[in-house]
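Here's the structure we're looking at; comments come further down.
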Amino acid sequence: MDYDIIIIGSGSAASKVAHNTASAGWDVAIVDSQRIGGTCALRGCMPKKVFTGAAETLDWSQRLTDHGITADVDIDWQDVQSFKQSFTDSFNNGIRQGFEEAGVDILEGRASFEDEHTVTVKNTSHTADNFLIATGAKPRPLTFTGQDHLITSNEFLELEAIPGDIVFVGGGYISFEFAHVAARTGADVTILQRNDRPLAMFEESIVDELLDASEDVGINVHLNTPAGEVEQHGDHYHVYNKEGETVSKTDLVVHGAGRVPQIDDLNLDKAGVDTERGGVTVNDELQTTQSHVYAAGDCAASPGYPLTPIATIEGQTVTHNLLHDDKTKPDYTGTATTLFSIPPVASVGMQESQVEEKGYEYSVNEGDSGSWFSSQRIGVDHGRYKIMIDDATDEILGAHLIGHHAEEVINIFAAAIKHNITASELKSTPWSYPTSIADTDYML
């Protein structure tokens, strides 16, 4: 065999396995057809946060105009792009250098299986005893007429200027995050949601607060409005609903209708690796239907959400199971997720519907946090929390937030769920005050 392991993909799960197996003395190759580093570092979480930071600066200046701030803050989007590029270039170079220093071979191109132990990359065959499939996800294929006029999040992250009018098709993470960025720059923004419930992974009351916050900054969210067709008219686009009615005439249409595992062209059937709707079929130990082939991250049909921390956890699990005889399973307990809108939405643990399904006797603490000092001192009006607590054990079953610093405060609840810290123990902690984390006292 050419290698002990070939890893397809170079994101969080792939990096974890590549470095750890190389450290154990394995001959390792990593394959990717895009820039080395994966989606989060180069085309997702990290560059997106640079955009969010720029939009937050505009938002702060706009919110505080009645509170003593008189500066006229503007934004140069080309400079923002250059700033973002400095990070993505650094990540790409650093990750690549890290692989090279670890002795990991980098095979540039798209991999496809020839058989159970062979992949082809740019017409060259490579064999390995083991494989990890960690190819991540791609935008969900759309079927309506004119879908080819839409850009994806990849192209949005490369825009040299934000156009004056934008339509986002789909009401998921990508749409709401970029919509809040664009709205702060002065763009007219519309989101088309195919049913009456956007962001189903978050508590409904929290999403309702986000919809109110979105409306307040001029974002138009059309519920029960799936896109039916997109036509190009010169430099503009006409977006129609399923009934053929014009929903919007716009400068840009963006795909925000979710992502699916990026596995279609891997020829997994030739390797005897099964797939299902959620991705590559895996067991509890992240082995596929071939015991020497593992899958992890967004492309795997595992119980974990498609999040970077989950990919890292699954990469750690695969590493252990490759290097040790005692197999282990990933532990997803206490993994938080955040929607980086303005203000952000964050969640950890179960939703109330899940708590009910499992038969818990529980209490719910929920309310408006937008009126609290930590929000009002900076002109933030939108904030809400919902916490579920087990009546028998006093443990936190789920925490759901929207508001200033929600993306940080949620980590306190994540730690409590992960390490079985009770609500009373959390409430008794003498936090630094006044801070957003100290507000957890009022939530419990």
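The values are calculated or read from the model by the stated rules, or taken from the named source; none is laboratory data. Quantities reported herein were computed from a predicted structural model and do not represent experimental measurements. Counting neighbours? That spans all protein chains shown, and the Cβs are built from the backbone with ideal geometry, glycine included. Heavy atoms of the whole protein, side chains included, go into the accessibility calculation; ligands, DNA and RNA do not. Shrake-Rupley method; radii C 1.70, N 1.55, O 1.52, S 1.80 Å.
All of Thr70, Thr52, Thr65, Thr57 fail the test of being among the β-branched types (Val, Ile, Thr), over 25 Å from Asp115 (Cα atoms) and within 21 Å of the chain's Cα centre (by Cα), apart from Thr52. Selection of the range 172-190 for residues being among the hydrophobic types (A, V, I, L, M, F, W, C) and more than 18 Å from the chain's Cα centre (by Cα) yields Ala182, Ala183, Ala187, Val189.
Scanning the range 127-161 for residues that are touching an Asp or Glu at 6+ places or on another chain (Cβ under 6 Å) and either open to solvent by less than 30 Å² (accessible area, probe 1.4 Å) or under 20 Å from Lys49 (Cβ atoms) (or both) gives Gly136, Ala137, Phe144, Gly146. Take the range 248-271 and flag every residue that is buried (at least 21 other Cβ atoms within 10 Å of the Cβ) and of a type in the set (A, V, I, L, M). Within the range 248-271, Leu252, Val253, Val254, Ala257, Ile263, Leu266, Leu268, Ala271 qualify. Checking each residue in the range 314-342 for being open to solvent by 30 Å² or more (accessible area, probe 1.4 Å), of a type in the set (Ser, Thr, Tyr) and touching a Ser or Thr at 6+ places or on another chain (Cβ under 8 Å) picks out only Thr328. If only residues of the range 221-242 that are open to solvent by 80 Å² or more (accessible area, probe 1.4 Å) and within 25 Å of Ala200 (Cα to Cα) are counted, the one that is modelled with the lowest pLDDT is Lys242. Here the condition is being in contact (Cβ under 8 Å) with a residue 40 or more places away in the chain, open to solvent by less than 20 Å² (accessible area, probe 1.4 Å) and closer than 29 Å to Asp59 by Cα; of Val345, Val355, it holds for Val345 alone.
Please identify the pairs in which a residue from the range 162-191 that is over 16 Å from Thr52 (Cα atoms) has its Cβ atom under 6 Å from the Cβ atom of a residue that is among the β-branched types (Val, Ile, Thr) and open to solvent by 10 Å² or more (accessible area, probe 1.4 Å), counting only partners at least 6 apart or on another chain. Once the first residue is over 16 Å from Thr52 (Cα atoms) and sits in the range 162-191, its partners that are among the β-branched types (Val, Ile, Thr) and open to solvent by 10 Å² or more (accessible area, probe 1.4 Å) give Val167/Thr190; Ile191/Val221. Taking the range 28-58 as the range and being out of contact with any helix residue (DSSP H, G or I) (no Cβ under 7 Å at 6 or more places or on another chain), touching a residue at least 60 places away in the same chain (Cβ under 8 Å) and not aliphatic (A, V, I, L, M) as the test, the residues that pass are Asp32, Ser33, Thr39, Gly44, Lys49, Glu56. Evaluate the following for Ile75: is it β-branched (Val, Ile, Thr), open to solvent by less than 80 Å² (accessible area, probe 1.4 Å) and under 20 Å from Val181 (Cβ atoms)? Against the criterion (β-branched (Val, Ile, Thr), open to solvent by less than 80 Å² (accessible area, probe 1.4 Å) and under 20 Å from Val181 (Cβ atoms)), Ile75 qualifies. The helices (runs of 4 or more DSSP H) falling completely within the range 28-111 that include 1 or more residues that are within 21 Å of Val17 (Cβ to Cβ) and aromatic (Phe, Trp, Tyr) map to 77-101.
For beta carbons closer than 6 Å, sequence separation of 6+ or different chains, a first residue in the range 422-443 that is farther than 17 Å from Gly370 by Cβ and assigned to a strand (DSSP E or B) and a second that is open to solvent by 20 Å² or more (accessible area, probe 1.4 Å) and not aromatic (Phe, Trp, Tyr), the qualifying pairs are Thr422/Asp394; Thr422/Glu395. Please enumerate the residues belonging to the range 86-121 that are exposed (fewer than 14 other Cβ atoms within 10 Å of the Cβ) and either of a type in the set (Lys, Arg) or free of Cβ contacts under 8 Å to residues at least 60 places away in the same chain (or both). Correct list: Ser86, Asp89, Ser90, Asn93, Gly94, Gln97, Glu100, Glu101.
Within the range 326-385, the set of residues being under 20 Å from Val207 (Cα atoms) and aliphatic (A, V, I, L, M) comprises Ala336, Leu339, Ile342, Val345, Ala346, Val348, Met350, Val355, Val364, Val380.
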